[in-house]
1. Which of (1) assigned to a loop (DSSP other than H, G, I, E, B); (2) touching a residue at least 24 places away in the same chain (Cβ under 8 Å); (3) out of contact with any Ser or Thr (no Cβ under 8 Å at 6 or more places or on another chain) does residue 176 not meet, given it meets every other one?
2. State which residue is nearest to residue 64 (Cα to Cα) when the search covers only the stretch 259-305 and only residues that are buried (at least 18 other Cβ atoms within 10 Å of the Cβ) and of a type in the set (A, V, I, L, M).
3. Identify all residues within the stretch 91-103 that are buried (at least 17 other Cβ atoms within 10 Å of the Cβ) and within 17 Å of the chain's Cα centre (by Cα); write none if there are none.
4. Take residue 257 and tell me if it is in the same structural domain as residue 197 (by TED's automatic domain parsing), over 18 Å from residue 224 (Cα atoms) and free of Cβ contacts under 8 Å to residues at least 60 places away in the same chain.
5. Against the definition (more than 19 Å from residue 97 (Cβ to Cβ), at pLDDT below 95 and among the small types (Gly, Ala, Ser)), how does residue 179 come out, yes or no?
6. Which of the following residues is modelled with pLDDT of 95 or more and among the charged types (D, E, K, R): 217, 232?
7. Would you check if residue 250 is assigned by TED's automatic domain parsing to the domain that holds residue 203, within 11 Å of the chain's Cα centre (by Cα) and surrounded by 12 or more Cβ atoms within 10 Å (Cβ to Cβ)?
8. Of the conditions (1) among the small types (Gly, Ala, Ser); (2) closer than 30 Å to residue 205 by Cα; (3) crowded, with 16+ Cβ neighbours inside 10 Å, residue 157 clears all except one; give me its number.
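The values are calculated or read from the model by the stated rules, or taken from the named source; none is laboratory data. Since the model is a prediction, treat every value here as computed from it, not as a measurement. A quick note on method: Cβ atoms are made from the backbone with ideal geometry, for glycine too, and the neighbour counts reach across all protein chains shown.
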Amino acid sequence: MNMNKKLLLSASLMFAVSFGFSQTKEELQAQKAEKQAQADKFQGEANALQAQIDALPGWRTGAFGTIGGSLSNFNDWYSQGTPNNVSGNIGITANVFANKIEDKYFWRNSLTANLNWVKLDDKDNGTDDDDDFNPTTDVFNISSLYGRNLSETWAISGLAEYRTTLLDNFNDPGFLDVGVGATWTPLENLIVVIHPLNYNFVFADNDAAFESSAGAKIVADYTRQIGAINFKTNFSTFQSYEDSDLSNFTWTNSFSYTLWKMIGVGFDFALRSNKQEAANYQEVDLADADNKLQSYYTIGLSYKF
């Protein structure tokens with residue numbers, strides 16, 4: 001066999017092998033597409049069954065949260081102002097709900113907490129507070145809403161909502177709203193509470209800055225899970241009938257995305273306006289307080305309970 005024939009045979013063999021592998025890859029891709037279509041079909045059927053289960057009367061419970069943390073140790077790192085230090089940060093956010101949904105009534109309960117600690121130990125300063133983690137973010141809110149259905153979207157309802165801090169100055173201040181009115185549920189995951197008869201109890205040692213009063217309570221809450229995504233936004237406001245300086249609002253948002261098993265990433269963000277809290281912090285009369293918009297955010301790992 002001469003050289004030209006050997007080259008032709010080798011080229012033909014390589015082409016045949018490449019063609020064979022090409023066919024095998026296409027066949028595998030076709031099989032994968034077929035299996036994926038079957039999986040999507042079964043997942044759709046499972047989602048439909050879950051929707052039917054969720055629509056049944058009874059309890060619905062759930063929880064998700066965010067955990068963030070860091071720890072560092074520096075020795076003779078002269079480029080910074082504190083070359084020898086140990087520092088750390090720990091943050092925890094939890095969103096928990098337990099709802100009982102029946103044909104004639106509902107009872108919705110929720111708890112939100114955002115806690116954060118920081119520590120900075122300056123090894124060269126023996127007088128600094130280096131033994132403990134100190135709280136920085138301290139948010140706690142719990143609510144309970146009961147309603148008797150008038151129609152598919154409207155109900156007569158009563159609400160109790162309590163807000164305070166847990167780590168520092170528990171119940172000083174503490175805000176408790178108790179009232180009655182109506183609840184509107186235009187969507188499955190959207191709850192709008194409208195209570196024109198509400199009383200805002202304020203618990204605090206500083207009577208000069210804090211005062212209880214009657215007013216209107218409005219709450220809008222949207223909580224939903226879409227696949228690996230958990231999302232919750234809640235807007236709660238009290239509008240005092242006696243003095244606008246006694247009014248307040250809080251808007252919180254929580255988002256988590258599951259990446260692997262129960263672990264994912266989470267983000268929390270909140271805004272608040274409360275002139276009584278501003279006056280207490282600034283140690284001035286309520287009318288003289290500079291009521292700046294309060295805010296916080298937390299980013300970190302999330303864990304789906």
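1. The failed condition is (1).
2. Looking at the filtered set, the residue picked out is 270.
3. 91, 92, 93, 94, 95, 97, listed by residue number.
4. Working: in the same structural domain as residue 197 (by TED's automatic domain parsing): yes; over 18 Å from residue 224 (Cα atoms): no; free of Cβ contacts under 8 Å to residues at least 60 places away in the same chain: yes.
So residue 257 fails the test.
5. Details: more than 19 Å from residue 97 (Cβ to Cβ): yes; at pLDDT below 95: no; among the small types (Gly, Ala, Ser): yes.
For residue 179, the condition - more than 19 Å from residue 97 (Cβ to Cβ), at pLDDT below 95 and among the small types (Gly, Ala, Ser) - is not met.
6. Numbers: 232 fails: modelled with pLDDT of 95 or more.
Of the residues listed, the single one that is modelled with pLDDT of 95 or more and among the charged types (D, E, K, R) is 217.
7. On the way: assigned by TED's automatic domain parsing to the domain that holds residue 203: yes; within 11 Å of the chain's Cα centre (by Cα): no; surrounded by 12 or more Cβ atoms within 10 Å (Cβ to Cβ): yes.
No, not satisfied.
8. Every condition holds for residue 157 apart from (2).
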